[in-house]
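Inspection log for the structure reproduced underneath, given as structure tokens.
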Amino acid sequence: MSTEDDRLAPALVGYKEKINPVDRATLDWERDLTFVGRTPQGYEIEFDANVQLGCKPTDALLLSLAGCMAIDVVSILKKMRCELGSVRIVTVGERNPVPPQYYRKIQMELRIVGTNVDPKKVERAVQLSREKYCSVYNTLRKDIEVTVTTVLEASEA
């Protein structure tokens, strides 16, 4: 474990320990192949197989993976005293050509603009997310290939 890891470990103690071990959501059929999902907090997401009134469930999966990893990475980088200006993840999923059309490969490009954002810090934050904290990543099939590349840009002062 490096010196950075030694300083980071106490800051991450308890990270995500307040997560409820049981999640609940509801999904209601609206019409045709359109459904509305609702969280207990009242947030909604619309799913539509025809992509007219909502997103495809597979798009939501890509967004969930990106969202989960982004939350981890931003939280960890802030604890590493990085000053972030913007964070964007572009995610591309390659699906199996025949049913079940699961994702075989997911490529993520993590674009970070900020100051004091060292590539090694970002690499460590991504590693911690993948190995320890990202629930979505750790729920995916074990044979899926997920790659994360990073692009760092310095903030203009």
Residues satisfying the stated conditions in region 141-154, i.e. among the hydrophobic types (A, V, I, L, M, F, W, C) and surrounded by 16 or more Cβ atoms within 10 Å (Cβ to Cβ): Val146, Val148
Options Asn20, Asn50; residue that is closer than 26 Å to Tyr102 by Cβ and assigned to a loop (DSSP other than H, G, I, E, B): Asn50
Could you give me the residue pairs with C-beta distances under 6 Å whose first residue belongs to region 129-152 and is farther than 25 Å from Lys79 by Cα, whose second residue is modelled with pLDDT of 95 or more and of a type in the set (Phe, Trp, Tyr) wherever it lies, and which are 6+ apart or on separate chains? Ile144/Tyr103
Out of curiosity, is Asp48 out of contact with any His (no Cβ under 8 Å at 6 or more places or on another chain), more than 22 Å from Glu145 (Cα to Cα), surrounded by 10 or more Cβ atoms within 10 Å (Cβ to Cβ) and among the charged types (D, E, K, R)? yes
Of the residues that sit in region 79-130 and are more than 25 Å from Lys56 (Cβ to Cβ) and under 13 Å from the mean Cα position of the chain (by Cα), which one is surrounded by the fewest Cβ atoms within 10 Å (Cβ to Cβ)? Gln127
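In region 83-118, how many are touching a Lys or Arg at 6+ places or on another chain (Cβ under 6 Å) and closer than 30 Å to Leu8 by Cα?
Qualifying residue count, region 83-118: 2.
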Being touching a helix residue (DSSP H, G or I) at 6+ places or on another chain (Cβ under 8 Å) and within 23 Å of Thr147 (Cβ to Cβ) is true for just one of Leu63, Leu77. Which residue is that? Leu77
Is it true that Ala60 is over 23 Å from Lys132 (Cα atoms) and either of a type in the set (Gly, Ala, Ser) or modelled with pLDDT of 95 or more (or both)? no
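The values are calculated or read from the model by the stated rules, or taken from the named source; none is laboratory data. Note that the structure is predicted; figures quoted are calculated from it, not measured. Counting neighbours? That spans all protein chains shown, and the Cβs are built from the backbone with ideal geometry, glycine included.
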